[in-house]
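The block underneath contains the structure these notes are about, expressed in C-alpha cells.
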Amino acid sequence: MIEESAEITQLQNQQSLFTQALKAMLEGRWVGENSVEAFLYALDPNMIDTLDYDIPITESSENEEPSGK
C-alpha cells in the first residue's frame, strides 16, 4: 500500500510538470526559467544538453505584401 501511494505521488508530480510545460508552451516560454525546456529537464534529467531547439515563429506573415511587387 505504501509503494502504491509513492507511485501515485510520483505520477501526480509528473502530471504537474507536463501541465506546466504545456502552459509554458502556450505562453511561448521555450527556454530559460519556468520554460518548456526546464520542465522537460525536470521530468528527465538525462535530456540535459540533448534537446535541439526549433523555436516556432510567433508572428504571422500572412498579411505582408508579397516580395517583388
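Among the residues of the stretch 24-48, those that are more than 19 Å from GLU59 (Cα to Cα) and assigned to a helix (DSSP H, G or I) comprise VAL36, GLU37, ALA38, PHE39, LEU40, TYR41, ALA42, LEU43, PRO45, ASN46, MET47. Residues that are more than 16 Å from ASP44 (Cβ to Cβ) and surrounded by 13 or more Cβ atoms within 10 Å (Cβ to Cβ) within the stretch 3-23 comprise just one, LYS23. Within the stretch 36-55, residues that are under 15 Å from GLN20 (Cα atoms) sit with their Cβ atoms under 6 Å from residues that are in a loop (DSSP other than H, G, I, E, B), at 6+ positions apart or across chains, in these pairs: VAL36/TRP30; GLU37/VAL31; TYR41/ILE48.
Read-outs: derived from the displayed coordinates by stated rules, not from any lab. These numbers were taken from a predicted model, which means no experiment stands behind them. When we count neighbours, we look across all protein chains shown, and the Cβ atoms used for this are built from the backbone with ideal geometry, even at glycine.
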